[in-house]
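Visitor: Questions regarding the structure given below will be posed in turn.
The values are calculated or read from the model by the stated rules, or taken from the named source; none is laboratory data. What you are looking at is a predicted structure, and each value in this text was computed from that prediction instead of being measured. A quick note on method: Cβ atoms are made from the backbone with ideal geometry, for glycine too, and the neighbour counts reach across all protein chains shown. For accessibility, only protein heavy atoms count, side chains too; no ligands or nucleic acids. Shrake-Rupley method; radii C 1.70, N 1.55, O 1.52, S 1.80 Å.
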Amino acid sequence: MTSVLAALACSAAAQAGPGSYGGTVSGLDLMDVDMMFIGAHPDDDGGVTAALARYVLDGGHKATVITLTGGEGGGNATGTETGRALGLIREEEERRSLSMVGVTSPHFLGLRDFYFTLSAEETEKMWGGQAFVCDVVRIVRVRRPEVIVTMWPGPGTHGQHQMATRAATLAYNYAGDSKYCPEQLKEGIVPFTPLKLYYYPGSAADATVKIPTDDISRTARVRYADLKSIAQFNYRSQGWDTTNTLPARAANPETFMLVGSRVPVSEQETSLLTGAVAAGTSPVGVRLEVRPDSYEIGLGRATPVQVTLTNGTKLPMAALRVNLDTPTGWRVTGSSPARMLAPGETYTAVFSVTAPADAKAENMRLTARYTATQADQQILGRNATFVRPLPAVVATFAPTFDVAGYQAFARETGTEWVTGSLATRLPLVVGQPTDITVNVTNRGTTAASGQLELKLPPGVTLVGSPQYQVAAGATAQVRVQLQASAAALPAGRQSALLPVSLTTGGFTDSANAFVLPSLTIPRLSTAPKIDGDLNDMAAGADGSMGPEDLWWRTKPDSAADASNAFKLGYDDQYLYVGMSVKDELVACNIAPNDVKAQLRSDAIGITVDPTGQSRDTSTTLQAAAFPCTTAGFQARGFRDADANQGVMEETAPGMQVASVKSEGGYNIEFRIPWAAMPTQPKAGDTVGLNLVMYDGDQADARVGANISQSGLAWSAFSWGGKQALPYLWPRVTLGK
């Protein structure tokens, strides 16, 4: 593998041609690229590595990458470096990886990669607002990419990924607008308009183009999948060198979602560059855009749709016709008579679209097409957009703040259709009634009233019979109360993700109900000794988790492989947690001076939201401990993934941890001071509290290596929800 790495690095360097402008006449000629990836951390380009190799290394195109941070908030599987030192290492890893696929001039904005978060709002705050977006726009304007590829912008992903994608989307929309980031004009920068925008798809169903990786790179002489695996071997600080192989274990295609295009695109795309850099059935230089007056349209109501075509080629387009295709049963009015379009000329046609009364309230495609002749050859192209037809009265679950924030961004950027039917989240605590807000909007001309119909899973019940009454052109809020019982939980699980739907007339809205465990924990009259002996925790409240409570990677083979029973209690000064863990192989591969990043090995994490109302992890405490280190079986505690990370002696004075080896596993105890938390709860208060277990069954693990294999949690949802979304943590009441 080492020889292959060296050969590929030499090949990439030979193609770069350093020290020469190659006949260029300006700095912009030197900087010009065809394609750009925008991500938050080194290694975020992992989903586009093979495509870069195809287009740059083998296709002769140019590309660059913008990485907003140095990745210093991540783990380090190769050493003890943290902070900016780790960021420098990760940046160099990315440079080396990218150089092997022909990308030799990446950009690093130097924004802070802080503790793990799923909050776009927290990220924006930590990055000082929106100023960084203009830094992205500056690079886009100077490097002039026709195609921008980025990540997924919505809730459920890393908050920094969301903000990197939103910056990329804003750059795509506005880098060509001189009114956006206008101070850059004083730098002599000329606005530039990218032509296509792709996201990593939010799901397999969202993918619109698949770029194969199982064919051979003529430069590297290995499959693109193998080249990708070799290039990403460089991400050693993230442990990729322990999982990547040659040949690659799989040769799955890289998938992308076309989000925006100002040029004609194929019915089924096979290349990210077609229409923008490479010609298809339409020559490069022709622009075709289709824009409805609004994304949401009323049933039976005419909506204007504007189709704009610009001839950016050097030849006239003769016998030009433009038309608009709609779903079956829709009505389209407007016409586009044949005409000539001179070079540089723009033609706009306006159509009127009406959805039938029975149209579904989902994304419906509108396709603009053109035909013409140029130099006696027929040319043609298409582009599409989406609208969502809605009835006059619509009832929807009020979204959680993070979903609402993304929806507002999507409306601002004209990407509402990408959100699709993004379900809001309804946290329901077992045994406690939960108030839910429903927004009822009446787009009709007369007042409307009726009853809300909810479809609920077994174990979730509706309290009362909610009615609505809303004036014409208004929105009313209706309070609905739901209650979840333990019967809603699947066998063996302490939490559940269940579908809920709401119907008004012919419209149905969906939501995800997150059923959360709850517990009242006692005030302990005698403080337990933190020594790993759990007998003095007998008065604590009981809980457990097992293989069914999986949130991360591989399900444990059995309860003996990974499970636990725990006790919770408190007094005026401390929160106490005792846990009896079943683990057939306890890994002790973390050095005593490298105590951080709990997910790397066997560990226990405790997340506490002392107010029970936190929107992100900046106002929480997240304690963790490795039960053992390379020095022996003695727990080492620390804070991780909150706003004050580090060993417990420095970040949580008074915190204690202890562990002892037991038959088939280990016992571990925590004493966590209330004084170390951002706020201090009192008896009777309800706090958010989750318990997380990590398991890595690798007996011969390298010291410091990331061997994470399984993750369990008391409240176990998506990969980040268990620790980074406080509103999805269990609710614990401090008994009086």
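Visitor: State whether the residues of the range 195-209 include one that is in a helix (DSSP H, G or I) and either of a type in the set (G, A, S) or in contact with an Asp or Glu (Cβ under 9 Å, 6 or more places away or on another chain) (or both).
Guide: yes
Visitor: For W552, which of the numbered conditions (1) modelled with pLDDT of 95 or more; (2) in a strand (DSSP E or B); (3) within 23 Å of P726 (Cβ to Cβ) fails to hold?
Guide: That leaves (1) as the condition not met.
Visitor: Sticking with this one: Check the range 250-261 and report whether any residue there is surrounded by 17 or more Cβ atoms within 10 Å (Cβ to Cβ) and among the charged types (D, E, K, R).
Guide: Taking every residue of the range 250-261 in turn, at least one turns out to be surrounded by 17 or more Cβ atoms within 10 Å (Cβ to Cβ) and among the charged types (D, E, K, R).
Visitor: Also, I was wondering about something else. Any idea which of A472, A491 is among the hydrophobic types (A, V, I, L, M, F, W, C), open to solvent by 50 Å² or more (accessible area, probe 1.4 Å) and either in contact with an Asp or Glu (Cβ under 9 Å, 6 or more places away or on another chain) or outside any strand (DSSP E or B) (or both)? Reasoning before the result, please.
Guide: On the way: A472 fails: open to solvent by 50 Å² or more (accessible area, probe 1.4 Å).
Answer to the check: A491.
Visitor: When you go through (1) under 32 Å from the mean Cα position of the chain (by Cα); (2) part of a loop (DSSP other than H, G, I, E, B); (3) closer than 22 Å to I672 by Cβ one by one for G543, which number turns out not to apply?
Guide: (2)
Visitor: Looking at E289, is it within 29 Å of P201 (Cα to Cα), surrounded by fewer than 18 Cβ atoms within 10 Å (Cβ to Cβ) and touching a residue at least 60 places away in the same chain (Cβ under 8 Å)? Write out each step before concluding.
Guide: Details: within 29 Å of P201 (Cα to Cα): yes; surrounded by fewer than 18 Cβ atoms within 10 Å (Cβ to Cβ): no; touching a residue at least 60 places away in the same chain (Cβ under 8 Å): yes.
Answer is no for this residue.
Rundown of residues vs (1) open to solvent by less than 40 Å² (accessible area, probe 1.4 Å); (2) in contact with a strand residue (DSSP E or B) (Cβ under 8 Å, 6 or more places away or on another chain); (3) on the phi > 0 side of the Ramachandran plot, yes/no style:
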residue: E548; (1), (2), (3): no, no, no
residue: W552; (1), (2), (3): no, yes, no
residue: D557; (1), (2), (3): no, no, no
residue: D561; (1), (2), (3): yes, yes, no
residue: P592; (1), (2), (3): no, yes, no
residue: D602; (1), (2), (3): yes, yes, no
residue: G605; (1), (2), (3): yes, yes, no
residue: G612; (1), (2), (3): yes, yes, yes
residue: D616; (1), (2), (3): yes, no, no
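Visitor: Okay, next question. Within the range 478-494, count every residue that is of a type outside the set (V, I, T), closer than 18 Å to P433 by Cβ and in contact (Cβ under 8 Å) with a residue 40 or more places away in the chain. Explain how you work it out, then say what you get.
Guide: Step one: list which residues in the range 478-494 are of a type outside the set (V, I, T), which gives 479, 481-494.
After this cut, where a residue has to be closer than 18 Å to P433 by Cβ as well, the list is 479, 481-489.
Still in the list and also in contact (Cβ under 8 Å) with a residue 40 or more places away in the chain: 479, 481-486, 488-489.
Residues that pass the stated criteria total 9.
Visitor: If you don't mind, there's one more thing I want to ask. What are the pairs with Cβ atoms under 6 angstrom where one residue, in the range 545-561, is under 12 Å from S708 (Cα atoms) and the other, located anywhere, is modelled with pLDDT under 95 and open to solvent by 80 Å² or more (accessible area, probe 1.4 Å)? Sequence gap at least six, or different chains.
Guide: W552/W719
Visitor: Inside the range 355-409, can you point out the residues that are out of contact with any strand residue (DSSP E or B) (no Cβ under 6 Å at 6 or more places or on another chain), assigned to a loop (DSSP other than H, G, I, E, B) and either under 30 Å from T310 (Cβ atoms) or open to solvent by less than 30 Å² (accessible area, probe 1.4 Å) (or both)?
Guide: The answer is A375, D376.
Visitor: Which one is nearest to A63 (Cα to Cα), of the residues in the range 24-52 that are open to solvent by 10 Å² or more (accessible area, probe 1.4 Å) and not in a helix (DSSP H, G or I)?
Guide: Here the residue is D34.
Visitor: Report every pair of residues separated by at least 6 positions or lying on different chains whose Cβ atoms are under 8 Å apart, first residue within the range 661-679 and closer than 29 Å to A562 by Cα and part of a helix (DSSP H, G or I), second of a type in the set (A, V, I, L, M, F, W, C) and open to solvent by less than 10 Å² (accessible area, probe 1.4 Å).
Guide: Listed by first residue and then by second, the contacts come to nothing, as the list is empty.
Visitor: Quick one: which residue in G665, G684, G704 is more than 25 Å from the chain's Cα centre (by Cα), on the phi > 0 side of the Ramachandran plot and either among the basic types (K, R) or modelled with pLDDT under 95 (or both)?
Guide: None of the other options fit; the residue is G704.
Visitor: Related question: Which condition from (1) more than 30 Å from K228 (Cβ to Cβ); (2) assigned to a strand (DSSP E or B) is the one that T328 breaks?
Guide: It is condition (2) that T328 fails.
Visitor: Pairs needed: first member in the range 425-447, more than 22 Å from T503 (Cβ to Cβ); second member anywhere, among the acidic types (D, E); C-beta distance under 7 Å; at least 6 residues apart or different chains.
Guide: Close Cβ pairs satisfying both conditions: none exist.
Visitor: So which pairs qualify, if the first residue must be in the range 173-191 and in contact (Cβ under 8 Å) with a residue 24 or more places away in the chain, the second must be open to solvent by 50 Å² or more (accessible area, probe 1.4 Å) and of a type in the set (S, T, N, Q), the Cβ gap must be under 6 Å, and the two must be at least 6 apart or on different chains?
Guide: Within 6 Å, the pairs are P191/S178.
Visitor: A follow-up question, please. Quick one: in the range 169-194, which of the residues that are among the charged types (D, E, K, R) and part of a loop (DSSP other than H, G, I, E, B) is surrounded by the fewest Cβ atoms within 10 Å (Cβ to Cβ)?
Guide: Filtering first and then ranking leaves K179.
Visitor: Moving on to the next point. Identify, please: which residue in the range 302-328 is over 17 Å from T346 (Cβ atoms) and of a type in the set (S, T, Y) and is, among those, surrounded by the fewest Cβ atoms within 10 Å (Cβ to Cβ)?
Guide: Among those residues, the one meeting the criterion is T328.
Visitor: Test L422 against the stated conditions and say whether it is modelled with pLDDT of 95 or more and either within 30 Å of T169 (Cα to Cα) or not aromatic (F, W, Y) (or both).
Guide: Details: modelled with pLDDT of 95 or more: no; either within 30 Å of T169 (Cα to Cα) or not aromatic (F, W, Y) (or both): yes.
No; evaluated as a whole, the condition is false for this residue.
Visitor: Name, by its number, the condition in (1) more than 14 Å from S495 (Cα to Cα); (2) under 22 Å from the mean Cα position of the chain (by Cα) that does not hold for K722.
Guide: Among (1) more than 14 Å from S495 (Cα to Cα); (2) under 22 Å from the mean Cα position of the chain (by Cα), the lone unmet condition for K722 is (1).
Visitor: Across the range 691-713, what is the total count of residues that are out of contact with any Gly (no Cβ under 6 Å at 6 or more places or on another chain), open to solvent by 10 Å² or more (accessible area, probe 1.4 Å) and in contact (Cβ under 8 Å) with a residue 40 or more places away in the chain?
Guide: 6
Visitor: Let me ask you something else. Restricting to the range 628-649, give me the number of residues that are over 18 Å from Q573 (Cα atoms) and not in a strand (DSSP E or B).
Guide: 12
Visitor: For the range 680-702, which positions are assigned to a strand (DSSP E or B) and more than 29 Å from A587 (Cα to Cα)?
Guide: Keep residues of the range 680-702 that are assigned to a strand (DSSP E or B), which gives 686-695.
Once the filter is applied, which keeps residues that are assigned to a strand (DSSP E or B) and more than 29 Å from A587 (Cα to Cα), the range 680-702 yields T686, V687, G688.
Visitor: Which residues, taken from the range 210-226, are outside any helix (DSSP H, G or I) and either within 17 Å of H161 (Cβ to Cβ) or under 26 Å from the mean Cα position of the chain (by Cα) (or both)?
Guide: Of everything in the range 210-226, those that are outside any helix (DSSP H, G or I) and either within 17 Å of H161 (Cβ to Cβ) or under 26 Å from the mean Cα position of the chain (by Cα) (or both) turn out to be K210, I211, P212, T213.
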